Amino acid sequence: MGKGSFIFLLFVGLSFAFRVTQGIDEAQRAVVKAFEAGARDRAPYLYSKTRSYKEISTILASEADDVGSKIFAIRTMNYASKAISAAFVGAEELTPLDTLRRKKEAGKPSFTLVDVDDIRNRLEFLRNNRGMNCSPSELGRAEAFYDALVYELSKEEPNSALVLRFYNEANMVSRIAESKLKVAMENELECYTGRKKVVALPPPEEKPTPVAEKPEEKKPRLVEEPLKITARIHFDFDKYNIKREYIPILNEVVKTLKENPFVKVRIEGYTDIIGPKDYNVRLAYKRAMSVKKYLVKHGIPEEKIEIVGFGKERFIATNKTSIGRLTNRRVEFIVIKVQEE
């Protein structure tokens, strides 16, 4: 390998690492926001799921799965928002599980290393029998790693090491959750029955007590401070059509916006340095518009989307190489509101 080839490959690696680690850093900030809102104690199921999605994003990044890492970074933001809302309201709700679409291809053996149905059935048992009440953190983590398992198995060529890693984690944690739930069922604990056990106590001595006015309780108010996490897709030179490889990321954005009716998004289009300024501003706007059309086509109301084209500015990589210019030819999604007043 020549010196020039080595430098080129080194830059490709650094450029990839920059894009991925930025998403992971933003996902971590979302986890911190949820923690600071008290979600760990007041919304343990959703908080555990949030942290686990961030961990999965990091794992996929380490395996050079840029798209997968971004998907789970976006999902981290989504669930951090849910956890914060649940912490302030004081109530959690179960969230959907991903579904594995089985592929039937003649002459091609199916992936048999793991029993996905076994995990799914255990999770359904937990979800249907107040597992979120009796083992919330374990259930949230098990569901997150089940979703990661489904994601990996949905690929044309799954990474067997990742499949086993995700399966083992989902299997182990779901069994711990199941064990906790069964103890609660056998002992009729409050988390399962929903009723406090009544303990007979001797009547207290009657003592006159002065009547004092109760201070007015202050209800917690969710401060409107956006959770900013960037999802990014890239475009070919002088093009604004969406590349097929980025469709899974866009689908995750669609899912996030549908699950969070209070979230709005700003789509920002950019170009590289080549070409006239006015032309590039129009091209950047077209890139943002093409993404907006995709979101609207898949059920996102237009009023939830803002678009802007920046053209030849705000570069995030050098324009002296083809890889750097590709990195700059992008569209980014910025969450601009997380809660209505």
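We did not get these values from a lab; they are worked out from the coordinates using the rules stated. Worth saying up front: this structure is predicted, and the values here are computed from it rather than measured. Note that we place each Cβ from the backbone using ideal geometry, even for glycine, and neighbour counts take in every protein chain shown.
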- Query: With a 10 Å Cβ neighbour count serving as the proxy for reagent exposure, in which order, fewest first, do 314, 130 appear?
  - Reply: 314, 130
- Note on the structure: If amide H atoms are modeled at 1.01 Å from N in the peptide plane, then the residues at a separation of 5 or more from residue 92, or on another chain, having amide H under 5 Å from its own are none
- Message: What does the net charge come to around residue 82 if you take all other residues with beta carbon closer than 9 Å to its beta carbon, with K and R at +1 and D and E at -1?
- Response: -2
- Expected sort for 238, 272 with the fewest Cβ neighbours (10 Å cutoff) up front is 238, 272
- In whole Å, what is the distance between the alpha-carbon centres of segment 123-178 and segment 242-292? 32 Å
- Task: May I ask for log10 I(q)/I(0) of segment 231-337 at q = 0.09, 0.14, 0.19, 0.20 Å⁻¹, from a Debye sum over the Cα atoms as equal point scatterers with solvent left out?
- Result: -0.21, -0.51, -0.88, -0.96
- Message: Given an 8 Å cut-off on Cα distances and at least 6 residues of separation, report the relative contact order of segment 265-324 as a percent.
- Response: 48 percent
- Message: Can you give me the distance in nm between label points at residue 321 and residue 238, each placed 7 Å from the Cα along the Cα-to-Cβ direction?
- Response: 2.4 nm
